[in-house]
1. Hey, does the stretch 53-61 have a residue that's at pLDDT below 95, closer than 28 Å to A28 by Cα, among the aromatic types (F, W, Y) and surrounded by 15 or more Cβ atoms within 10 Å (Cβ to Cβ)?
2. Which of the numbered conditions does A23 fail, given that it passes all the others? Conditions: (1) in contact (Cβ under 8 Å) with a residue 24 or more places away in the chain; (2) farther than 17 Å from Q85 by Cα.
3. Can you tell me which residue in the stretch 73-90 is surrounded by the fewest Cβ atoms within 10 Å (Cβ to Cβ), limited to those that are of a type in the set (A, V, I, L, M) and assigned to a strand (DSSP E or B)?
4. Among the residues of the stretch 15-72 satisfying the criterion of being of a type in the set (D, E, K, R) and not in a loop (DSSP other than H, G, I, E, B), which is nearest to V107 (Cα to Cα)?
5. Does G42 fit the bill of being loosely packed, with under 15 Cβ neighbours inside 10 Å, among the small types (G, A, S) and in contact (Cβ under 8 Å) with a residue 40 or more places away in the chain?
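The values are calculated or read from the model by the stated rules, or taken from the named source; none is laboratory data. Since this is a predicted model, take the numbers as computed values, not measurements. Please note: Cβ atoms are built from the backbone with ideal geometry, for glycine as well, and neighbour counts cover all protein chains shown.
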Amino acid sequence: QVQLVESGGGLVQAGGSLRLSCAASGTAFSINAMAWYRQAPGKQRESVAVFTKGGRTNYADSYADSVKGRFTISRDIAKSMVYLQMNSLKPDDTAVYYCNFRGELRVGVPYDAWGQGTQVTVSS
């Protein structure tokens with residue numbers, strides 16, 4: 001099983017920055033994607049930033065248009081951590097942010113792990 005715990009959310013003024021962290025634990029055969037999603041009140045959960053496995057050890061990052069140039073996803077494999085650096089925050093970025101890992105627990109057995117979420121509130 002893979003367990004994820006997010007941290008780093010909070011209240012920030014528009015234009016400010018926050019760094020979210022996601023700590024992963026457990027064991028898995030593979031990690032095919034590491035992502036940050038968010039869900040604002042009354043809206044569907046949406047993908048914000050994703051690392052997708054492109055080769056044996058390479059991951060490519062991609063971003064939602066609404067956050068390109070402002071958010072950066074990064075990882076520290078040695079520490080089993082994934083981060084989301086959020087700059088130039090806007091009130092529209094207010095949401096609960098979730099960490100997500102997808103892969104295989106063992107060959108042919110997929111998993112889709114989610115953290116509990118961390119609240120980000122951006123005041124105008």
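1. Checked the stretch 53-61: at least one residue is at pLDDT below 95, closer than 28 Å to A28 by Cα, among the aromatic types (F, W, Y) and surrounded by 15 or more Cβ atoms within 10 Å (Cβ to Cβ).
2. Looking at each condition in turn, A23 falls short on (2).
3. For the stretch 73-90, the residue satisfying everything is M81.
4. K53
5. In short, no.
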